[in-house]
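A short worksheet on the structure shown next.
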Amino acid sequence: MAERGGQRKARCFSTPSPTAISLLEKTYPTDATTNVTSAIAQKLSRNLYLQPAHPLGILRALIESHFPTFTALSGWSPLVTPAKNFDDLGFPPDHPGRALSDSYYVNRELMLRTHTSAHEVEVFARGERRWLLSADVYRRDEIDASHYPVFHQMEGARVFPASAAGVAELEDNNARLSAHLAQSNIVIEDVPHLSTTNPAQPSHDAHHAGLVALNLKLSLNSLMLALFGGRTGAGEEPLRVRWIEAYFPFTSPSYEVEVFFHGKWLEILGCGVVQQRTLDVANVPNNVSWAFGLGLERIAMILFSIPDIRLFWSEDPRFLSQFTPGQITTFKPYSKYPSCYKDVSFWVPSEGLHDNDVFDLVRDVVGDLAEDVKLIDNFTHPKTNRTSRCYRINYRSMDRSLSNEETNSLHVDVVSRLKDVFRVEIR
Ligand code: FA5
Ligand code: MG
């Protein structure tokens with residue numbers, strides 16, 4: 001998970017019942033940390049990535065077929081302990097991803113996974129040595145065309161014995177992958193496998209760690225070629241892939257991969273050499289592994305030309321009927337309906353209010369009828385020291401025209417919930 005900063009203060013609101021919350025047909029006790037909204041609760045059973053004719057399902061299957069010797073795992077519950085999501089992976093106690101403002105908590109003991117890495121330990125512990133795991137992940141975030149509080153990731157890993165046999169396997173596989181890539185039209189901007197800022201782990205031999213990092217890079221470059229080769233919108237231009245040094249608490253060295261697409265660099269995935277701690281916790285010592293985590297929406301939006309991340313959740317046949325299992329096709333947008341902007345201004349209560357709390361409340365009240373929500377004004381009165389904020393909500397349906405009465409009534413509901421839940425004073 002990337003570091004996501006911003007305001008730290010977090011609040012909770014509107015659990016479906018004060019003492020219990022129902023998720024995936026089970027009931028859980030709530031506490032002061034509970035912040036899963038009903039809009040989010042409804043997403044848990046959708047499993048978009050498992051539908052064979054949905055762009056996310058098509059992409060998942062395509063990546064799985066690129067790694068035919070890997071075990072493909074899916075259908076794992078999104079409810080995990082904070083230990084699995086964070087502690088087992090070496091996240092420090094004060095990491096911002098843990099904050100109530102950034103992650104969804106069922107209660108103190110249970111949360112919605114924020115990344116598929118939450119399952120690394122379990123999968124390694126099963127003895128899987130080549131695996132892919134796809135799942136829905138949840139993060140509290142802003143509202144716009146490329147951010148949605150639920151998205152999908154695929155985690156992949158390959159384990160090698162920490163022995164001469166492991167080195168031979170790496171050398172052999174690296175030679176084969178290099179030969180394949182040498183024949184293709186791909187330009188790779190690389191970084192050194194290891195550096196002082198992106199080092200091998202103390203328990204790793206640097207030569208061995210370098211071979212694992214190279215295998216990771218070759219495996220992912222070949223995936224990028226399979227997915228994007230010939231589809232970058234640049235005609236006969238070669239595919240451009242850029243490797244960047246990165247930091248994750250659970251890998252070292254670590255990298256991010258970007259692809260140049262329609263004139264822009266786009267971050268596709270994070271990856272690295274798995275921290276030995278993870279393999280030790282999973283009880284598979286004497287092995288080394290690489291792992292990656294990629295965002296399925298990011299890639300699907302490019303490959304299928306899907307302009308708005310909300311479309312993935314559409315149940316409109318005009319969307320769903322356009323896709324065929326096993327095929328990447330270009331989405332033909334149906335007409336865009338008019339948008340309607342409405343502002344709400346209020347005095348922030350003295351205990352503060354996080355942007356993400358406002359965004360989640362809007363989602364909870366109006367669902368996907370809010371295309372985006374922006375903070376357009378924020379000032380603190382010099383005398384009273386009170387803070388006033390103005391948010392602009394863009395109401396637009398992807399499927400139909402909203403009437404004036406309907407938008408007005410949605411907005412009235414948002415304003416009244418803001419007052420009830422956060423005790424804001426409307427201006
Ligand atoms: C992670 O989630 C790490 N678990 C990845 C990883 C796995 C690193 C294994 C090392 C080893 P990050 O937060 O950067 O990292 O997300 C990974 C990818 O998920 C991103 O590159 C992007 O493609 C996608 N992603 C992240 N945030 C969003 C978002 N808000 N909307 C859509 N896709 C996103
Ligand atoms: Mg990232």
>> Can you work out the Karplus-derived ³J(HN,Hα) for every residue in region 344-355? Use 6.51 cos²θ - 1.76 cosθ + 1.60 with θ = phi - 60°, whole Hz, and x for glycine or proline.
In response: 10, 10, 7, 8, 6, x, 4, 7, x, 7, 7, 3
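Against the globular-protein guess of 2.2 N^0.38 Å, express the Cα radius of gyration of region 282-414 as a ratio, rounded to two decimals.
Values: Rg = 20.8 Å, N = 133, 2.2 N^0.38 = 14.1 Å.
The reported ratio for this selection is 1.48.
Run the numbers on the chain and let me know its relative contact order in percent, using alpha-carbon pairs under 8 Å that are six or more apart. Please list the in-between numbers first.
Numbers: 779 pairs, mean separation 71.3, N = 427.
About 17 percent, as a whole number.
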> How much length, in nm to one decimal, is gained on full extension between residue 42 and residue 184, taken as 0.36 nm per residue of separation minus their Cα-Cα distance?
Replying inline: 46.7 nm
> Roughly how many whole Å is it from the C-alpha centroid of region 67-93 to that of region 162-227?
Replying inline: 24
> Do the alpha carbons of any pairs in 26/419; 26/374; 374/419; 84/419 sit beyond 27 Å of each other, and which pairs?
Replying inline: 26/419; 26/374; 84/419
>> Between residue 316 and residue 168, what is 0.36 nm times their sequence separation minus the Cα-Cα distance? Round to one decimal in nm.
In response: 48.1 nm
> Ordered by residue, what ³J(HN,Hα) values in Hz, to whole numbers, does region 382-387 give under the Karplus form 6.51 cos²θ - 1.76 cosθ + 1.60, where θ = phi - 60° and Gly and Pro are x?
Replying inline: x, 8, 7, 6, 7, 9
>> Starting from the 7 Å offset along Cα-to-Cβ, what nm value, one decimal, do you get for the label separation of residue 122 and residue 145?
In response: 3.7
>> Under a crude label model (7 Å from the Cα following the beta-carbon direction), how far is residue 32 from residue 207 in nanometres?
In response: 5.7
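Sorting check: for 332-342, 276-286, which peptide has the highest mean count of neighbouring beta carbons within 10 Å, and how do the rest follow?
Working: 332-342: 12.5, 276-286: 15.9.
Highest mean packing first, the order is 276-286, 332-342.
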> Tell me, how many Å apart are the Cα centres for region 97-137 and for region 328-387?
Replying inline: 28
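Based on the mean of other Cβ atoms within 10 Å per residue, sort peptides 179-187, 205-213 so the most packed one is first.
For the peptides 179-187, 205-213, the packing ranking is 205-213, 179-187.
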>> Report the gain in length on full extension from residue 245 to residue 337: 0.36 nm times residue separation, minus Cα-Cα distance, nm rounded to one decimal.
In response: 28.9 nm
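With +1 on the Cβ of every Lys and Arg and -1 on the Cβ of every Asp and Glu, and nothing else charged, how large is the dipole of region 167-249 about its Cα centre, in debye rounded to the nearest 20? Spell out each step's value before the answer.
Working: 5 positive and 9 negative charges, 47 e Å.
Roughly 220 debye for region 167-249.
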> Of all DSSP beta bridges located in region 20-320, what percent are antiparallel, nearest 5?
Replying inline: 85
> Counting other C-beta atoms within 10 Å, which of 398, 301 has the fewest, and how do the rest follow?
Replying inline: 398, 301
>> If amide hydrogens are placed 1.01 Å from N in the peptide plane, which non-local residues have theirs closer than 5 Å to the one on residue 386?
In response: 381
> With the chain treated as a Gaussian network of Cα nodes joined by springs under 10 Å, which of 21, 302, 376 yields the largest mean-square fluctuation?
Replying inline: 376
> Hey, what do the phi angles of region 121-128 turn into as Karplus ³J(HN,Hα) couplings, whole Hz, using 6.51/-1.76/1.60 and θ = phi - 60°, x for Gly and Pro?
Replying inline: 4, 4, 6, 4, 5, 6, x, 5
> Based on the Cβ-Cβ distance from residue 347 to residue 262, what FRET efficiency comes out when R0 is 25 Å, to the nearest 0.05?
Replying inline: 0.05
> Mind checking the angle between helix 206-228 and the chain's longest principal axis? C-alpha axes, 0 to 90 degrees, to the nearest 10.
Replying inline: 60
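Starting from the alpha-carbon convex hull of the chain, give the projected area averaged over all orientations, in nm².
On the way: hull surface 89.6 nm².
That works out to 22.4 nm², a quarter of the Cα hull's surface.
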> Dipole magnitude of the chain about its Cα centre, charges +1 at Lys/Arg Cβ and -1 at Asp/Glu Cβ only, in debye to the nearest 20?
Replying inline: 640
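Show that you can apply the helix-only estimate: for the chain, add -39,500 (n - 2.57) for every DSSP H stretch of four or more residues, divide by all residues, and state [θ] at 222 nm to the nearest 500.
Numbers: 11 runs with 117 residues, N = 427.
Result for the chain, helices only: -8000 deg cm²/dmol.
Values in this text are rule-based calculations from the coordinates and carry no lab data. As the structure is a prediction and not an experimental result, all values here were calculated from the model. So basically every Cβ, Gly included, is an ideal-geometry build from the backbone, and we count neighbours across all protein chains shown.
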